[in-house]
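Enquirer: After the structure tokens below, expect a handful of questions from me.
Read the figures in this text as sums done on the coordinates, not as results from a lab. These figures come from a predicted structure and were not determined experimentally. Please note: Cβ atoms are built from the backbone with ideal geometry, for glycine as well, and neighbour counts cover all protein chains shown.
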Amino acid sequence: MLKTFVATAGVAALLASAAPAADITGAGATFPAPVYAKWAETYKASTGIGLNYQAIGSGGGIKQIKAKTVDFGASDKPLKPADLDAAGLYQFPTVVGGVVPIVNIPGISAGQIKLTGPMLAAIFYGQITKWDDPVIVKNNPGVKLPALPITVVHRSDGSGTSFLFTSYLSMKSAGWAGKVGASDSVNWPVGLGGKGNDGVSAFVKQTAGSIGYVEYAYAKQNHAAYVLVQNKTGKYPQPTAQDFAAAAAGAKWAAAPGNYLLLLDQPGANSWPITGATFILVYKEQANPAAGQSVLKFFDWAYKNGDAAAASLDYVPLPGAVKSLVRKQWAVNVKAGGKPVYSGQ
Amino acid sequence: MSTAAIDSFSEARPARAQSALGETIFRTLCFSAATLLMAALAGVVVSLAIGGWPAFHKFGLGFITSTAWNPVTEEYGAAGPIVGTIVTSILALLIALPLALGVSIFLVEFCPKRIARPIAIAVELLAGIPSIVYGMWGLFVLAPWFATHVQLPILMDFDSNSLIGRIFSGVPNGANIFTASLILAIMILPYMAAVFRELLLTVPSQVREAAYGLGSTSFEVVAKVMLPYVGKGTVGVIMLGLGRALGETMAVTFIIGNSHGFPHSLFDSGSTIASTIANEFAEATSDMHTAALIALGLVLFVLTFAVLATARALLAGQKN
């Protein structure tokens, strides 16, 4: 008897405490999952509202938000404006990341080799097959390049990293765009596939003469031998947080309908050429205004208080100007019954 | 509960009626368990067929015979993964079978009782290691070792145009069909060895002792008495291993190299059906891509079913 009573009281207490602060639910991209988790932890401590984020992949996130099983979806690649309109969705960026080519060439250390976009495309297409190819040698005066065959390593799993990288190659090489194209997973002309950043990095480390590409945070944490890539102004920036932020700051967000922007090959002497943001997807017309409001509230809080946490995990926070632009968009784009669900504090 | 017990004690009649009712409930429960399983199986097949239909409809037989797997142009042909699945599974079986036989014969026939149990338990524990752990071990330990100690010497010592050179050609980094088969072999070995051991233990000791009594050597007892005795069970063991190897996902994904084309040599990178699905399903956004992956699932299902059916047929054939 007593046990039942205690149990009932316990359940009632739980219900009572859970009722006012409904948790936010989200699903999608795995790349930003660690920073979302860290934000959520601090946010819960200060507001009592938790975030239930399932890192199931961008594709899964898009499917889940379309099926309306979550409050927001998360994707590493932006949806095209037409797709957004068709689904009634609105997207905004949260943090910035990028892709860094890494190599394993005996005698060559990080940042020593300089490549251009077309050279990368030719290497990944299998046209340039040796490290002492005249094209590479000419671009790297003073660097002693061995006559080693090039082994290409790419991601085997569908990923936003591959999407960004192949989009960049398509941008830089008409041949690549026509024959391979840009997608989460493509029909790679040459090379072998490793699963995840770990898989690619392991194969690159184990194969002399190999070249692969990984997420910036991963390259940094593992001190990978990165390659410098020429940007739009002809400079070779370093893959550092500042240079990714430079690319994000230089981008013309205001002129991008639906925030569809790939931060690739952006202007600015310091802009890292293969940069990309990760995105949140919410419905323009919120069926449940309270849920929509708590999503925007959470990301507004993260914009204000989350930069240090993001930087400590090697994500690049959005530049301030981009944040204020997105905040203004919320009031216009996310509504319930014609009224904005959240207009900032 | 307590009142029911008192009732059944105080009256004799309900006890019998209750047991009849219990029988009915028991039978119904068993029946529904069995039908539920059948329904789940049918549900899986039907939903795979429906989900994969767009791919089958668009590509027809080409889905199985073509090697083009291109998510950008939305062209899907699964010959590469299908061949990769069959080759890795059969290779794994060829490697694991003699080892499993050896382990179980040693345990049953030659091993002192005191260490037989620990070895048997160790073999069974191997079966409990998660697949992804095998994958990581394969990627970080086996692949680099294999590349430097097996692939490089072969590459250097044999002409690349000779037969051996062609069978073993490939980038020396240990990510290939052969190392995937090795990992698979280690993974299916404990299952096969455990079942083999149980099988060999079913041989009546009188039969074995009689054979020894007639002056047979250990080898003769094993080869001429015990193995024929468990003969049809052996087919079952092989099919169990093969079934598991066909569907294994994570470990293979880590080490097979994941290229969709047709593998040209044993040391070429390839892919399997399960690894392709694991790699691409999470990020497959277009409908045709998802459909192609689900269709792959159906192909794997049919392949596994064919293996089981063959096993049944072989078993039935042996009975006669």
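Enquirer: Relative contact order (percent) for chain A, with alpha-carbon contacts under 8 angstrom and 6 or more residues of separation?
Expert: Reported as a whole number, the value is 22 percent.
Enquirer: Per residue of A:180-189, count partner chain C-beta atoms within 10 Å of its C-beta, then hand back the mean as an integer.
Expert: On the way: counts 3, 4, 1, 9, 9, 12, 5, 10, 5, 1.
Mean shielding count: 6.
Enquirer: Gap in Å between the Cα centre of segment A:311-337 and the Cα centre of segment B:103-181?
Expert: A separation of 51 Å, based on Cα centres.
Enquirer: Determine which aspartates and glutamates satisfy two conditions relative to A:LYS38: a Cα distance under 13 Å, and not lying fewer than 8 residues away in the same chain.
Expert: Hits, sequence-local ones excluded: A:ASP307, A:ASP314.
Enquirer: Taking neighbour Cβ counts within 10 Å as the exposure measure, how do A:ASP265, A:ASP184, B:ASP157 sort from fewest upward?
Expert: Ascending Cβ contact count within 10 Å gives the list B:ASP157, A:ASP265, A:ASP184.
Enquirer: Within a 10 angstrom radius of each residue's Cβ in A:58-65, how many Cβ atoms of other chains show up on average? Whole number is fine. Please report the intermediate quantities before stating the final value.
Expert: Numbers: counts 3, 9, 5, 3, 2, 3, 0, 0.
For this peptide, the per-residue mean of nearby foreign Cβ atoms is 3.
Enquirer: Something else now. How far is the Cα center of segment A:178-233 from the Cα center of segment A:56-80, in Å?
Expert: 25
Enquirer: Here's a follow-up. Which of rounded, prolate, oblate describes chain A, given a ≥ b ≥ c as roots of the alpha-carbon gyration tensor eigenvalues and a/c under 1.5 marking rounded, otherwise prolate only if a/b is larger than b/c? Each step should come with its number before you reach the end.
Expert: Values: a/c = 2.34, a/b = 1.91, b/c = 1.22.
Prolate, since a/c reaches 1.5 and a/b exceeds b/c.
Enquirer: Could you tell me what a quarter of the Cα convex hull surface of segment A:93-238 works out to, in nm² with one decimal place?
Expert: Values: hull surface 33.4 nm².
For segment A:93-238, the mean projected area of the Cα convex hull comes to 8.4 nm².
Enquirer: Using a cut-off of 14 Å between beta-carbons, work out the net charge of the residues near A:ASP265 (Lys and Arg +1, Asp and Glu -1, A:ASP265 not included).
Expert: Summing Lys and Arg as +1 and Asp and Glu as -1 gives +3.
Enquirer: Now, a different point. What is the dipole size for the protein assembly as shown, taken about its Cα centre, with +1 at each Lys and Arg Cβ and -1 at each Asp and Glu Cβ, in debye to the nearest 20?
Expert: The dipole of the protein assembly as shown has a size of about 620 debye.
Enquirer: Would you check chain B for Lys pairs whose C-alpha atoms are within less than 29 Å, ignoring same-chain pairs closer than 8 in sequence, and give me the count?
Expert: 5
Enquirer: Something else now. With contacts defined as alpha carbon pairs under 8 Å and 6 or more residues apart, what's the relative contact order of chain B in percent?
Expert: 27
Enquirer: Under unit Cβ charges (Lys, Arg +1; Asp, Glu -1), what dipole magnitude, rounded to 20 debye, does segment A:101-249 have relative to its Cα centre?
Expert: Details: 12 positive and 7 negative charges, 63 e Å.
The dipole of segment A:101-249 has a size of about 300 debye.
Enquirer: In debye, nearest 20: dipole of segment A:292-345 around its Cα centre with unit charges on the Cβ of K, R (+) and D, E (-)?
Expert: 340
Enquirer: Now for a separate question. Specify whether the C-alpha gyration tensor of chain B places it in the rounded, prolate or oblate class, a ≥ b ≥ c being the square roots of the eigenvalues: rounded for a/c under 1.5, otherwise prolate if a/b is larger than b/c and oblate if not.
Expert: Oblate shape, in that a/c is at least 1.5 and b/c is the bigger or equal ratio.
Enquirer: Still on this structure, please answer the following. Over 32 Å apart: what share of the alpha carbon pairs of the protein assembly as shown falls there, rounded to a whole percent?
Expert: 61
Enquirer: Could you work out which residue, out of B:ALA282, B:ALA116, B:ALA245, moves most in a Gaussian network model of chain B, that is, has the largest mean-square fluctuation with Cα springs under 10 Å?
Expert: In this elastic network of chain B, the residue with the biggest mean-square fluctuation among B:ALA282, B:ALA116, B:ALA245 is B:ALA282.
Enquirer: Would you order A:HIS154, B:HIS149, B:HIS289 from fewest to most other beta-carbon atoms within 10 Å of each residue's own beta-carbon? List each step's numbers first, then the result.
Expert: Values: A:HIS154 26, B:HIS149 10, B:HIS289 23.
Ranking A:HIS154, B:HIS149, B:HIS289 by Cβ neighbours within 10 Å, fewest first, gives B:HIS149, B:HIS289, A:HIS154.
Enquirer: Straight-line reach from A:LYS232: which lysines have Cα under 29 Å away, leaving out those fewer than 8 places along the same chain?
Expert: A:LYS77, A:LYS80, A:LYS114, A:LYS130, A:LYS138, A:LYS144, A:LYS172, A:LYS179, A:LYS220, A:LYS252, A:LYS323
Enquirer: For each of A:MET171, B:MET38, count neighbouring Cβ atoms within 10 Å of the residue's Cβ, then give the residues from fewest to most.
Expert: B:MET38, A:MET171
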